[in-house]
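Participant: What follows is a single structure, and I will ask about it in a moment.
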Amino acid sequence: MRPARAIVPCLCALALGGCAQTFALPMTRSQLVAYGSAPALVAYLDQRDATPGVCDLTSRGAHIRAVDEPVRKALVRGLTDGAIDPVLWRRCAFAMLRSTPSDTASSLVDEVGRGYRKLLRNGDLEKSPALQARLGAMERFYLHRKNGFDAHPAVEEELVGDLRRALAKHRLGPIATDFGERLVDAVDIEHGRWLGRPVDTATMDRLFEARDERLLRRFALRLPTAPLRDQAKRHVIRIHIAASRFSEVRDHAADVEARVMERGDNPIAIAEHPAARGWLDERKVPMRGVLVRQQVFQRTATLLGYAGDAPGISVLPELRLRGALMVEAAGISRPVTLCGSAKELDPTPCIAEEDVKLENPVAFLDRRGAFHFVEHIWSREALALTAMRDRFVLPVSVGGRHLLDFAWRLWFERPADVIFPGPTPGANGPTLFVSVDHRDPARWIFTVSVPAGSYVAIVDERDLPAFHLISRGAQGAAGEPGSDGSDGASGG
């Protein structure tokens, strides 16, 4: 299968209507890093199952090296032009924000603000759900970013002042007005004001009595002082405790509140409440096939993904098991799932990410509770995958106890013909010593030994007729140049 290619405008030439840069797809995280360009990031994120982990400078997996100006501009333009899915864009932008130095983070907020203003002025916004979704992603980024990650003061003053004037003069349509008013409100909250008055304890008590969780959450994120933010958090937690379906949460409200204030979640002690049974809602996890693309002479392989309901090959997806993996734990009245983000302030009993293992040799857990897969492996590791036959098995354990398995289809892509040429011009091809393992009726494993070493090629049964191992003589030596011809006769 020939690789697809993505064409991405070169940011350096956008003003001139200039060049385009192409990239072979699928593009793995490591290949993105090797390209090392802002357009490559957009091309990577435009793939099915791309992970925002590439945007996290502290990620265990391969990731971009810096959030410099070309990257910031490419990220925002990739959203506004529709190249990057809004949900993936938001997760990527948050990953950049929390993992980069503070001044760079402020420059990212600046760039998002400029993109926000541009979309808000787009004449098609009022009738385009796609543009509204892109603007909504920027809004959520701005409203839900961690306190202290702000735009540079001069940029914020310009953007917000321009927006206030547009709202005051009714220059925006109804949808743009709603977006703009929410952003102005957020800026006011950051300065400790709401509806023209200072936010104080009495304000939040009234919101708590009205069970206005939405506004209390915004206060918890955006108010300028920690004591006021903490009070807003406590009110949100108390609303959730009172509404909890878990009796153990309602009966121990004070302890739960303290735990959630400290951590942002309420994990169970798995040693005291061991997992008894678990199941997976496969509708909530991506079900994919795994393709192993072999580079025989490099003794490496690349793991890629494919989907039966979508054409083409892409990268393997991340796995987020929150809400999909459900566990019955001893002494807990209802099934629980993995803990969520600390921003959720959720008192529901949950399982800490570190207590869950995906017992597959190429899977690893990131710091945000998502499982990822190693994209590049050695041939010996690819060979070990053949023990799973045609299923890429993903065993799940909780607290050291195996609970369940689920599996994806496993396919070894036919490698290119393996050709061993003669070592010197005119020499015969080398003698090949080939061993064949066909214990799995659906697969052939060839181990080829030559003086330079041994190589492994794994071929699925259906691809066998088209695969060849070849010993080929080298090209002959170049001949001697011929002698010069004689001069022609003089003209008459």
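Participant: Return the aspartates and glutamates within reach of Lys233: Cα separation strictly under 18 angstrom, same-chain partners fewer than 8 residues apart disregarded; answer none if there are no such residues.
Facilitator: Straight-distance partners of Lys233: Glu190, Asp200, Asp205, Glu209, Asp212, Glu213, Asp255, Glu257, Glu262, Asp265, Glu344, Asp346.
Participant: Using a 1.4 angstrom probe on the protein heavy atoms only, could you order Trp279, Trp378, Trp444 from most to least accessible area?
Facilitator: Descending accessible area places them as Trp378, Trp279, Trp444.
Participant: With n ≥ 4 as the cut-off for DSSP H runs, can you work out [θ] at 222 nm for the chain, using -39500 (n - 2.57) per run divided by the number of residues, rounded to the nearest 500? Show your work: numbers first, answer last.
Facilitator: On the way: 14 runs with 169 residues, N = 492.
Computed mean residue ellipticity for the chain: -10500 deg cm²/dmol.
Participant: Cross-link candidates for Lys73: which lysines have Cα within less than 29 Å, leaving aside residues fewer than 8 places away along the same chain?
Facilitator: The reachable lysines, counting only those whose Cα sits under 29 Å from Lys73, are Lys118, Lys127, Lys146, Lys343.
Participant: When only the heavy atoms of the protein chains count and the probe is 1.4 Å, how do Ser341, Ser128 rank by accessible area, highest first? Kindly include the intermediate steps, with their values, before the conclusion.
Facilitator: Numbers: Ser341 50, Ser128 25 Å².
Reading off the accessible areas and sorting them downward yields Ser341, Ser128.
Participant: Work out, step by step, the length gained on full extension between Asp68 and Arg250: first 0.36 nm times the residue separation, then minus their alpha carbon distance; give nm to one decimal.
Facilitator: On the way: separation 182, 0.36 × 182 = 65.52 nm, distance 4.77 nm.
Once the chain is fully extended between Asp68 and Arg250, it gains 60.8 nm.
Participant: To check you understand DSSP bridge types, tell me what percent of the beta bridges within segment 350-471 (both residues inside) are antiparallel, rounded to 5. Present the calculation step by step, with values, prior to reporting the outcome.
Facilitator: Details: 27 of 30 bridges.
Taking every DSSP beta bridge with both residues in segment 350-471, the antiparallel ones total about 90 percent.
Participant: First select every other residue whose beta carbon is under 13 angstrom from the beta carbon of Phe406; then total the charges, Lys and Arg +1, Asp and Glu -1.
Facilitator: +1
Participant: Shifting gears a bit: Mind ordering 189-199, 134-144 by average Cβ neighbours within 10 Å, highest first?
Facilitator: On the way: 189-199: 14.0, 134-144: 20.5.
Ranking the peptides 189-199, 134-144 by packing returns 134-144, 189-199.
Participant: Need one value: the accessible area of Ser102 in square angstrom, 1.4 angstrom probe, rounded to the nearest 10.
Facilitator: The accessible area of Ser102 comes to roughly 90 Å².
Participant: Could you pull the accessible area for Thr201 with a 1.4 Å probe, rounded to 10 Å²?
Facilitator: 70 Å²
Participant: Over every pair of different alpha-carbon atoms in segment 136-235, take the mean of 1/r and invert it; report that Kirkwood radius in Å.
Facilitator: On the way: mean 1/r = 0.0702 Å⁻¹.
One over the average 1/r among Cα pairs gives 14.3 Å for segment 136-235.
Participant: Something else now. Average projected area of the Cα convex hull of segment 258-308, in nm²? Walk me through the numbers before you get to the answer.
Facilitator: Details: hull surface 31.3 nm².
Directional mean of the projected Cα hull area for segment 258-308 stands at 7.8 nm².
Participant: Further question on the same structure: Tell me, rounded to the nearest percent, the portion of alpha carbon pairs in segment 45-162 spaced more than 16 Å apart. Working shown, then result.
Facilitator: Details: 4027 of 6903 pairs.
Tail fraction, whole percent: 58.
Participant: While we're looking at this one, here's another question. Under a Cβ-Cβ cut-off of 9 Å, what is the net charge of the residues other than Gly331 that fall near it, where Lys and Arg count +1 and Asp and Glu count -1? Intermediate results must be reported in sequence, preceding the final value.
Facilitator: Details: positive: none; negative: Glu248, Glu272.
So the surrounding residues net to -2.
Participant: Separate question: If we restrict to alpha carbons, what Rg and Dmax does segment 292-396 come to, in Å?
Facilitator: 17.0, 56
Participant: For Arg211, Arg443, Arg293, what's the largest-to-smallest order of accessible area, 1.4 Å probe? Before the final figure, lay out each step's value.
Facilitator: Values: Arg211 125, Arg443 10, Arg293 50 Å².
Result of the area sort, largest leading: Arg211, Arg293, Arg443.
Participant: Turning to a different aspect of this structure: Using a probe radius of 1.4 Å on heavy atoms only, what accessible surface per residue do you get for the chain? Whole Å² is fine. Before the final figure, lay out the partial values.
Facilitator: Details: 24780 Å² over 492 residues.
Solvent-accessible surface per residue comes out at 50 Å².
Participant: Where the only charges are on Cβ atoms (+1 Lys, Arg; -1 Asp, Glu), what is the dipole of the chain about its Cα centre, to the nearest 20 debye?
Facilitator: Numbers: 65 positive and 62 negative charges, 191 e Å.
Around 920 debye, computed over the chain.
Participant: Dividing the Cα convex hull volume of segment 366-448 by residue count, how many Å³ per residue is that? Don't jump to the answer; show the numbers that get you there.
Facilitator: Details: hull volume 13.6 nm³, N = 83.
Here the figure is 163 Å³ per residue.
Participant: OK, next. Straight-line reach from Lys169: which aspartates and glutamates have Cα under 16 Å away, leaving out those fewer than 8 places along the same chain?
Facilitator: Asp178, Glu181
Participant: Only loop residues by DSSP count here, and only those with at most 14 other Cβ atoms within 10 Å; note down the trypsin sites (Lys or Arg not before Pro) in segment 77-120 that meet that. Spell out each step's value before the answer.
Facilitator: Details: sites: Arg77, Arg90, Arg91, Arg98, Arg114, Arg117, Lys118; in loops: none.
Hits after loop and neighbour filter: nothing returned.
Participant: Of all accessible surface on the chain at a 1.4 Å probe, what whole percent is carbon and sulfur? Intermediate values should be presented prior to the final figure.
Facilitator: On the way: 12880 of 24780 Å².
Taking all protein chains in place, the chain shows 52 percent carbon and sulfur surface.
Participant: Based on the Kirkwood radius over alpha-carbon pairs, what is the Stokes-Einstein translational diffusion coefficient of the chain at 4 °C with 1.567 mPa s viscosity, in µm²/s? Could you put the intermediate results ahead of the total?
Facilitator: Values: Rh = 26.8 Å.
For the chosen part, D equals 48 µm²/s.
Participant: Still on this structure, please answer the following. If you consider only alpha-carbon coordinates, what radius of gyration and Dmax does segment 105-195 have, in Å?
Facilitator: Using the Cα atoms of segment 105-195, the pair Rg, Dmax is 12.5, 35 Å.
The values are calculated or read from the model by the stated rules, or taken from the named source; none is laboratory data. Here the structure is a predicted model, which is why all the values come from computation and not from measurement. Note: ideal-geometry Cβ built from the backbone for every residue, glycine included; neighbour counts use all protein chains shown. Side chains included, ligands, DNA and RNA excluded: accessible areas come from the protein's heavy atoms. Shrake-Rupley method; radii C 1.70, N 1.55, O 1.52, S 1.80 Å.
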